[in-house]
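For reference, the structure is listed below as structure tokens.
The values are calculated or read from the model by the stated rules, or taken from the named source; none is laboratory data. Please read all numbers here as calculations on a predicted model, not as lab measurements. Here Cβ is always computed from backbone atoms with ideal geometry, including for glycine, and neighbour counts include all displayed protein chains. With ligands, DNA and RNA removed, areas are computed over all heavy atoms of the protein, side chains included. Shrake-Rupley method; radii C 1.70, N 1.55, O 1.52, S 1.80 Å.
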Amino acid sequence: MRREHTIADRVTNSSLWRAVVRHGYPDTERNQALIIASNVFLHLHPVKIKRYATKVTYTFCLGGLSFFMFLILVMTGVLLMFYYVPSTTQAYQNMQDIEASVTFGQLMRNMHRYAAHGMVIAVFLHMCRVFYTGSYKPPREFNWVVGVILLFLTFLLSFTGYLLPWDQLAFWAITVGTTMAESAPLLGPKIRFLLVGDNEIGQATLIRFYTLHVIFLPLAAALMMAVHFWRIRKDGGISGPL
Ligand code: HEM
């Protein structure tokens with residue numbers, strides 16, 4: 001006897017539902033195996049990968065390198081936090097002390113700075129690769145959007161970190177950056193005030209940029225990266241050659 005289609009059946013069979021949850025209810029052994037094998041948490045590595053996905057020249061591992069830079073930045077950043085104080089009267093001296101007196105301090109600071117430059121370059125080149133191989137096309141259009149958010153977060157991390165040494169370069173770079181934001185139509189002055197936290201760059205700006213740099217932006221980036229990697233698995237691994 002044929003079973004009547006319930007509303008729940010219709011929802012779970014719709015293409016929108018299937019785009020998010022790829023497999024049906026685990027009612028048969030085959031469905032159970034499919035769900036476990038495709039679940040990122042229950043089965044971290046994919047069950048199978050395509051041959052071209054192992055070819056270095058297809059991706060140049062630029063996404064992986066971006067992630068590697070991010071990990072270096074988190075590790076060296078946490079170590080720098082043991083010494084850095086986000087105060088306009090102490091920050092610059094702190095940076096000098098980290099370089100001159102702290103064991104491996106100069107190495108940590110340089111690793112943090114060069115990895116930051118490296119991450120911006122790697123993320124940009126990764127985006128170019130994705131565009132060049134046409135990997136933004138369905139079913140990966142959502143992951144492209146996640147990628148654009150990651151690109152913005154990377155730029156914002158770089159921009160907020162630039163102010164923290166509180167040297168002349170930092171001060172004037174942020175003056176230029178926030179004045180550019182001010183020239184945006186309509187909301188420009190409000191955006192500048194939101195960024196600077198005052199009428200001119202000072203303690204309010206430093207603490208704002210510091211909090212964004214060490215808490216909000218890294219957490220947002222880590223969350224978005226988790227979504228990005230999960231989507232790669234769900235979209236059937238990385239795309240094939242054109
Ligand atoms: C923090 C930044 C980012 C990280 C850590 C990251 C990481 C990754 C990794 C590890 C891959 C697997 C393939 C590979 O290594 O190339 C990948 C693929 C992908 N990424 Fe990113 N990504 C980032 C930013 C971006 C940006 C800016 C875009 C585009 C605007 C983007 C779009 C994509 C797409 C569409 C794929 C699938 C490519 C394919 O199937 O060939 N990602 N990403």
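Report whether or not residue 25 is more than 27 Å from the chain's Cα centre (by Cα) and at pLDDT 95 or above.
Taking the combined requirement at face value, the residue does not satisfy it.
Being among the hydroxyl-bearing types (Ser, Thr, Tyr) and surrounded by fewer than 15 Cβ atoms within 10 Å (Cβ to Cβ) is the filter here, so list the residues in region 30-57 that pass it.
Result: 52, 54, 57.
Find all pairs meeting these conditions: Cβ atoms under 6 angstrom apart; at least six residues apart or on different chains; first residue within region 123-151 and assigned by TED's automatic domain parsing to the domain that holds residue 15; second residue open to solvent by 70 Å² or more (accessible area, probe 1.4 Å) and of a type in the set (Asp, Glu).
Within 6 Å, no pair qualifies.
Provide a single number: the residues in region 75-99 that are in contact (Cβ under 8 Å) with a residue 24 or more places away in the chain, surrounded by 15 or more Cβ atoms within 10 Å (Cβ to Cβ) and in a helix (DSSP H, G or I).
Number of matching residues: 7.
Residue under question is residue 206, and the condition is that it be more than 12 Å from the ligand (Cβ to nearest atom), open to solvent by 80 Å² or more (accessible area, probe 1.4 Å) and of a type outside the set (Phe, Trp, Tyr); does it hold?
Here the answer is no, as residue 206 does not meet what is asked.
Identify, from the list 70, 60, the residue that is at pLDDT 90 or above, within 14 Å of the ligand (Cβ to nearest atom) and open to solvent by 70 Å² or more (accessible area, probe 1.4 Å).
The match here is 60.
Restricting attention to region 110-139, which residues are more than 10 Å from the ligand (Cβ to nearest atom) and open to solvent by less than 70 Å² (accessible area, probe 1.4 Å)?
Selection gives 110, 112, 115, 116, 118.
What are the pairs, 6+ residues apart or on separate chains, where a residue within region 192-203 that is modelled with pLDDT of 95 or more has its Cβ under 8 Å from a residue that is open to solvent by 100 Å² or more (accessible area, probe 1.4 Å)?
Between residues of region 192-203 that are modelled with pLDDT of 95 or more and residues that are open to solvent by 100 Å² or more (accessible area, probe 1.4 Å), the close pairs are 193/199.
Can you tell me which residue among 40, 11 is β-branched (Val, Ile, Thr) and outside any helix (DSSP H, G or I)?
Step by step, each of 40, 11 is checked, and only 40 is β-branched (Val, Ile, Thr) and outside any helix (DSSP H, G or I).
Is region 235-242 home to any residue that is near the ligand (Cβ under 9 Å from one of its atoms), farther than 15 Å from residue 66 by Cα and in contact with a Gly (Cβ under 8 Å, 6 or more places away or on another chain)?
Looking for residues that are near the ligand (Cβ under 9 Å from one of its atoms), farther than 15 Å from residue 66 by Cα and in contact with a Gly (Cβ under 8 Å, 6 or more places away or on another chain), one finds at least one in region 235-242, hence yes.
Out of 212, 195, which single residue is within 18 Å of residue 71 (Cα to Cα), touching a Ser or Thr at 6+ places or on another chain (Cβ under 9 Å), away from the ligand (no atom under 16 Å from the Cβ) and open to solvent by 30 Å² or more (accessible area, probe 1.4 Å)?
Exactly one of 212, 195 is within 18 Å of residue 71 (Cα to Cα), touching a Ser or Thr at 6+ places or on another chain (Cβ under 9 Å), away from the ligand (no atom under 16 Å from the Cβ) and open to solvent by 30 Å² or more (accessible area, probe 1.4 Å), namely 212.
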